[in-house]
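The structure under discussion appears below in the form of structure tokens.
Please treat every number below as a calculation from the coordinates, not as lab data. Just so it is clear, the model here is predicted, and its values are computed rather than measured. Using ideal geometry, Cβ is built from the backbone for each residue, glycine included, and neighbour counts are taken over all protein chains shown.
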Ligand SMILES: Cc1ncc(COP(=O)(O)O)c(C=O)c1O
């Protein structure tokens, strides 16, 4: 794939040397709303959802896409996906609460937490949200909460750890014997058998092997293992499954010229083995579920940031910008690559090598290392690409810097969907005891 096609997949193009995103002039956006700012193209989210749905429907119509809310939990994003027919995957009470505020019904949510507290269980049971357990030990506590509240024990699901994981960084690989998530093969039968004994009537099963998987072949081994575990459970306990969830993890091409995930391979190594399973075993007519976060939202957004300082220390060139790892954590946390481009292209200038650094008081506050860019100037605007997943949701107020705003582009119009925080917001929840007043 050539560079301009790669950019156009993310609705980016240069017109007269100015960067346009979703048909809008990025320099005008930064002038109107200020920087740093997350800018989201609504249409990209809708398209990604529709394309994925078409792909799944082409193989198996009884499917559901649960959007992983952790990727981007803005109410408007949830409403967009809800209007497309998405279901939702939540990992905390806060995410479930946010879904409710977006008008999403509990029946559309799966709660895949880990290290659940009794408070988590109570909230989910009271609100009739399906729970996906992460440890056999949690069953008794959950049953007590059902009994205490007098709520029928209907459906329960367990997250399986198929031991083979994958992901863009060690911290995003979520399967393996030393990884905290899910239930290993040895305890899988025990989990479902106990759940049956305790009184749960219907069952689902789940795995999520990691995040940022761009080589679809990486799903093959985990899926094979997962399916072998499902067969064992079904055969020894005569269980039928309401759904079989294959988790998220679908990666996106963050680097120029990188190809998207090969969906034909994904079909071959994930969907077809699932179909073979249900055709060969007596396990009911389960819904095929997946839980993508990154795939649906990452490419929908850019982060606009202004250069405030060009620093040449005699050894290295730094372009200091107003976004830091407080705004976008992924480069620091995972050494992740986000492509960075100038919003006004000066094609004829010489190319120089910069570290793009934020204002945070840490040497690790680097958004892009050794980036070749046309000569940059203070006050210019840069665009950091593919920030729509795990961008804003991972941002913080570290160094007492307020969080940035978010705007949404829909049909050529811009809408502010989050106000930037103020300095007062930083102090909102602090309480000074009397002796210090
Ligand atoms: C249980 C679960 N499902 C789905 C996802 C979404 O992953 P991704 O954004 O890579 O699709 C995650 C992410 O960590 C997860 O933990």
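Some values worked out for this structure:
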| quantity | calculated |
| --- | --- |
| Order by protection proxy (mean Cβ within 10 Å, highest first), peptides 240-249, 79-88 | 240-249, 79-88 |
| Rounded to 10°, Cα long-axis angle of helix 220-237 versus longest principal axis of the chain | 20 |
| Paramagnetic reach from residue 43 (point 7 Å along Cα→Cβ, amide N under 14 Å) across region 377-410 | 409-410 |
| Ascending count of other beta-carbon atoms within 10 Å, so fewest first, for 295, 334 | 334, 295 |
| Coordinate range along principal axes, alpha carbons of region 102-161, Å, largest first | 33, 29, 19 |
| For a label point 7 Å along the Cα-to-beta-carbon line of residue 14, residues of region 308-347 with backbone N under 16 Å | 340-347 |
| Neighbour-count ranking [beta-carbon atoms within 10 angstrom, fewest first] of 437, 345 | 437, 345 |
| Whole-Å distance, taken between Cα centres, linking region 225-274 and region 93-146 | 24 |
| Global geometry of region 91-240, whether rounded, prolate or oblate, following the gyration tensor of its Cα atoms and the 1.5 cut on a/c | oblate |
| In nm, spacing of pseudo-spin labels at residue 2 and residue 153 (7 Å Cα→C-beta vector) | 6.3 |
| Cβ-Cβ FRET estimate between residue 140 and residue 259, R0 fixed at 51 Å, reported to 0.05 | 0.60 |
| Mean separation of Cα contacts under 8 Å (6+ apart) over length of the chain, as relative contact order % | 18 |
| Rounded to 5, percent antiparallel among DSSP beta bridges of the chain | 50 |
| Average Cα contact separation per residue, region 112-292, under 8 Å, 6 or more apart, as relative contact order % | 20 |
| Angle in degrees between helix 138-149 and the longest Cα principal axis of the chain, rounded to the nearest 10 | 80 |
| DSSP beta bridges in region 227-338 [antiparallel fraction, %, rounded to 5] | 60 |
| Cα-projected label distance for residue 410 with residue 31, points at 7 Å along beta-carbon direction, nm | 2.6 |
| Expected-Rg normalisation [2.2 N^0.38 Å, Cα atoms] applied to the chain | 1.05 |
| Between helix 42-59 and the chain: long-axis angle, C-alpha atoms, 0 to 90°, nearest 10 | 30 |
| Antiparallel bridge percentage (DSSP; both residues within region 112-292; nearest 5) | 5 |
